[in-house]
Each structure stands twice: as structure tokens, then as C-alpha cells.
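Structure, as C-alpha cells:
Values quoted throughout were computed directly from the atomic coordinates according to the rules given, and no laboratory measurement underlies them. What you see is a predicted model; the values in this text were computed from it and never measured. So basically every Cβ, Gly included, is an ideal-geometry build from the backbone, and we count neighbours across all protein chains shown.
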Amino acid sequence: MRLMDPRSVLTKGAALAPDARAVGRIALGGDDRNPALDAEGRSSEPRLVTQASEVLGRVVFGAWVLLLALSAVPIFSTVLPPLVDYPNHLARFYLLARGGNDYYAVRWAPLPNLAGDVIVPALAQAMPLGLAAKIFLVMTFALLTGGTLWLSRVTSGGWRLWPLMSFLLLYNREFLLGFLNYLFALGVALCGTALWLALERKPSGERMATSSVMALICFFCHISGFAIYAIAIAGLEAMPAWAECRLHRWREFAWRCVVTGAQFLIPASIIVIYWRPPIRGSYERFWEKAYLFLSVLDNYSLPFDIACIVAILGLLGGLVWQLQLRLALRFRPVLALLAMAYFALPTYLATGWAADERFSLAFVFMLLGLTTVRFYRARTAAITAAALAVIFVARFAVMERLWLTSDRVYTEDLAKLDRLPMGARVAIAYSVEGTKIHRIPQWHLGTLAVERRAAFVPTLFTYSTQQPLVVNPHWAALANAAQPWKLWAAFFNNDPAASARVAPILAHYDYVIFSDNQPFLVPEQPCVQSLADGGSFQIFKLIHGVACHPAR
């Protein structure tokens, strides 16, 4: 059974693809009021439009490749990208590639958070782990921008330069936090949404089978990406389903629900039968959601970020005011549902943080993929493109400058880590302030001792509902007991009780790493001896049999 074409009842003359003349007008920057004629007086416009579309397609592809290469420059110009969670992920990828060690064991399971955990260890079989992880980052960039381009191609009927604006969003807040699996899954969700629309006129069986595979891939990449994909599909089918209900076409409506819902059966079964994360959530400063919605453009300089936000919002506002930014009726529920999800979701959900912010980023990528821009004057289009290019270059210049600074810091820190003996047990201590987002984050850097020195580090991500990695039973209790902020308080807060509580824990460790957002001085105590001090990342050897005294 074929589904009713909803476009005949949703809009007056609106369709997923514009007519050929509109494509020609967009490609050439002209209009369609005077079609070209050949020598025999027949319209030669279809041939011209086809040629123009092919030229535009090549231009868009070339621009995409160039921008992707430029976007990857900061990644390959540093020994370690300064992303908050990146060192922790890299250490886990190392263990997954090696099959675990004496401290950690690999436990593969159907978890919705496996994108990098599958891809990076597989790549690491043929190349260095660090290079494999960086290639994964570039793959994520390619999916996010390529998925946006493809979605625009399917919804507008032609290749357009407008979705290339998505490159401005790559170095976003979630990326700087190191939410790598989520961002990869978001790219898959964008591609899956485009594929769903591209298969709309295909047989229902083919569409259900293909979309089921895509939904399952998205689910295993990351649960948030899967949720975004599900919301996008629901939003796309909302208007057609409503049209069928209004026309009392109940049979077609029921079949649409079957075709749409079939792809979610396997992921839903896994969630119900196997994956059961803790049900908990909390809101953190709900009033900040309006600001955080714009955090997709967060970089490292607040004044510069504000200037970029104002410039881009001004551009969007001007396009809307001039009726040049268009969003078809069918696609509006997608953005409405994503916005509602963002404002409804808590900051902390299950074992994840910033659950809501991930939907604001998805909203903007979807916006670029679902909207079309009609510049009726080539000059206006050229000025807009030039302005966006300036913003792009400026943002990446700021990014590259700071990443090169972080490269020098991380090079020194990694040299400190290499002083640790192989197989050491290393406790981690940092303050609550030290976990705040910082330009050069270091509080997960100590986990790289797992990869570089085969060490035991208790802060390695081993959540049973998120990672296919567990601490071996002999060391599990020790890992849970070594809370970094409690260890920090024992050394810096002049608290005898805190020192007494951590003494039995530290007795099982060989070294302790202190890190903060700024340089600090570890109080002299008889129970620790400097191995690599100075700066905001320091390593001390624990002297057993000697009591630690509170800081004075």
C-alpha cells in the first residue's frame, strides 16, 4: 500500500522540491520571467536549469570539502584537542582496542552510547590511537555538515550553499565539552531524516527496512541522537497524518503509523528489556535556558561570541523580514517539537549532564537543513556569503590560537604523566571549581595514564548503562571510594576529619594527581613527595606509613 501524498492537502502548490525554474533562479542568481529560447523558438530553459544545477552541485561539494578541511586544521595542529571529556574517552578507546588489562575488563552490551567505542578501536588496529580518534572527530564534522546538506537537498530539490552555514556550528559548546558520541549520533540523525524523506515515494516495505537499520544505528550511537531522530520523524509525519485524519482516511492514517513506527520497534525493545538507566533528573537554573539556547555559538571569547550571535540573528531576522527565509508547513512541527523538548528536559537526566542543551544544537542544524533562502539579487547573496565567511575565518582564528596554546600546556602535562611507573595506581584530586568549563581543561587529563602508563585511574568512565567497560571486581570498591573533590578537600581545606576519611583510601594508591583551572601550590605534607609539580597539573608520590596532616 502506498501512502497518500500529503503535499496535495497540506499546502497550496507547495512541495518538497521546487520547480525547475526556481532551481535555475537560485543557481544563477536571476529570475524566471524571460525564459531562454533556442534557434527554433522553443524554450531551452530545462537544459539550462539542468546545467546550472550540475554546476551548483559541484560548487557546493567543492565548498563542503574545502570547509571540512579547514575545520579539521585545529584538530591536527594539536597533540590533544582541548575537549573536556576527550582524554577520558581516549583512555577508554585504548582499553577497548586492547581488550582490557589487569584493572579493567571489556563488557560489550547493547548500549545506546557506542559510536566512538566501536569506530575508534577498530581504526586503531590500523593506525595510532591518537590519529584514529582525530579521524573520528573529522567523521563527526562530515556527518553533521553533510547530513545538513543532504537534508536541504531532499527538502528543497537542489543543492544549496545555505546549509554550509552549519560549519559555523561545529566548534560548539557540546563539542568543547567532549560529547563525541552524541555529536556523531546527531550527524546520523540528520542523515536518517534526509533518508526518510528521500524514500517517501518508495515502496513501504523498502522504506521500513531501510529506516529500521538507520534507527538502530542511531540508537547505538547515542540515546540523545536517537531521541532527536525520533522527534524529527514524528514531526515530519505530523502534518500528513493530521491531513488524513481530517479527510477521514483512517486506513491510510493507520498504515502511515505502522510504516513510521516500525523502525522504532527494535530500539524500544532493547530499552524495555535490557537498558535501564537510573530514572532521575534535575533542573539547573531553568531561567538560563533562553541564553543557553544560543550557546551553540559558544567559543572562548564572550564578547566575540556575543558579536557573532548578534550578527547571525540579525541575518536570520532580516531574511525572515524580507520573506526570503522559508520553512514549509510540513517541516514546522519538527522544529516546534525540538524546541519543546529543549525547554522541557532537565539539565541532569539519568547519568548524563546537559541533556537539554543537546536539543538546542539539534534545533539549529535542523533549521539549516529544513529551510530555504531565496536571494533575488546576486549582490545580496554575495554580501551575505562574504559576511558569513568573515565570521567563519574569525571564529576559527580564535579557536586555532587557543588550541595552539593548549598544545604547549598539554605537551608539558603529558611529559609529567610519562614519569609515572608502569602499572601504577593513581588517585585523582580536583576541586569543584576545577570542574567548571575552562579554556584548557585538565581535570580528565589524568585518565590518560591508563593509556600511556597502563595505570589504574578511578575516574575513568565505566558507567554500566553507558560504556562497555567495567572495573575488575578487585578494584571496583576502591574506584568508587576515591572521590576527587573529597581528596582535594583533604589536602587543601584544613579539615582533619576529611584527612582521616581519605587516609585508608590513599593507602591503596601509589600516586595522586592534582589539577585545577589555575596554578596552585600543594601544601607540604609528610605523606606526599613531588614527582612533577608546578602549574595547574601536578603529580605527587604517596608515602605510605606516614600520616597526612591537614593544610595549614
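Within the chain, which cysteines find no other Cys whose Cβ is under 4.7 angstrom from their own?
C191, C218, C221, C245, C257, C308
Select from A243, T140, M399 the residue farthest towards the positive end of the dipole of the chain; place +1 on Cβ of Lys and Arg, -1 on Cβ of Asp and Glu, and compute about the Cα centre.
Farthest towards the positive pole: A243.
Taking N as the number of residues in the chain, what is its Cα Rg relative to 2.2 N^0.38 Å?
Cα-based Rg divided by the globular estimate yields 1.10.
So between E400 and V310, what do we pick up on full extension, going 0.36 nm a residue minus the alpha carbon distance?
30.2 nm
Among bridges DSSP assigns within the chain, what percent are antiparallel (round to 5)?
DSSP beta bridges in the chain are roughly 75 percent antiparallel.
Work out the length of the dipole vector of the chain about its Cα centre, built from +1 on the beta-carbon of each Lys and Arg and -1 on the beta-carbon of each Asp and Glu, and round it to the nearest 20 debye.
Using only the charged Cβ atoms, the result is roughly 1160 debye.
Pairing the Cα long axis of helix 86-98 with the longest principal axis of the chain, what angle in degrees results, from 0 to 90 and rounded to the nearest 10?
The angle comes out near 80 degrees.
So the label point goes 7 Å from the Cα of M127 along Cα→C-beta, right? Which residues of segment 389-428 then have their backbone N under 17 Å from it?
Those under the cut-off are none; the list is empty.
Measure nothing but the geometry: give the 0 to 90° angle between the long axis through the Cα atoms of 357-370 and the longest principal axis through the Cα atoms of the chain, rounded to 10°.
Orientation of helix 357-370: about 20 degrees from the principal axis.
Could you sort the peptides 309-315, 83-89 by per-residue average Cβ neighbour count (10 Å cutoff), highest mean leading?
Taking the mean over residues of other Cβ atoms within 10 Å, the ranking is 83-89, 309-315.
Against the longest alpha carbon principal axis of the chain, how many degrees, from 0 to 90 and to the nearest 10, is the axis of helix 204-221 turned?
20
Residue farthest toward the positive end of the dipole of the chain, with Cβ of Lys/Arg at +1 and Asp/Glu at -1: which of V272, A490, A427?
V272
With +1 on each Lys and Arg Cβ and -1 on each Asp and Glu Cβ, how big is the dipole of segment 102-238 about its Cα centre, in debye rounded to the nearest 20?
300
Run the dipole for segment 227-292 about the Cα centre, Lys and Arg Cβ at +1, Asp and Glu Cβ at -1, nothing else charged, and hand back the magnitude in debye, nearest 20.
Magnitude of the dipole: close to 120 debye.
Label-point separation (nm) for K202 and A497, each offset 7 Å from Cα along Cα-to-Cβ?
6.4
Taking the Cα centroid of segment 235-280 and of segment 56-99, what is the distance between the two, rounded to the nearest whole Å?
Taking the Cα centre of each part, segment 235-280 and segment 56-99 sit 35 Å apart.
Divide by every residue of the chain the summed helix terms, -39500 (n - 2.57) for each DSSP H run of at least 4, and state the resulting mean residue ellipticity at 222 nm, rounded to the nearest 500 deg cm²/dmol.
Rounded to the nearest 500, the figure is -18000 deg cm²/dmol.
I'd like to know which of W353, A385, H444 lies farthest towards the positive end of the charge dipole of segment 295-447, counting +1 on Cβ of Lys and Arg and -1 on Cβ of Asp and Glu.
A385
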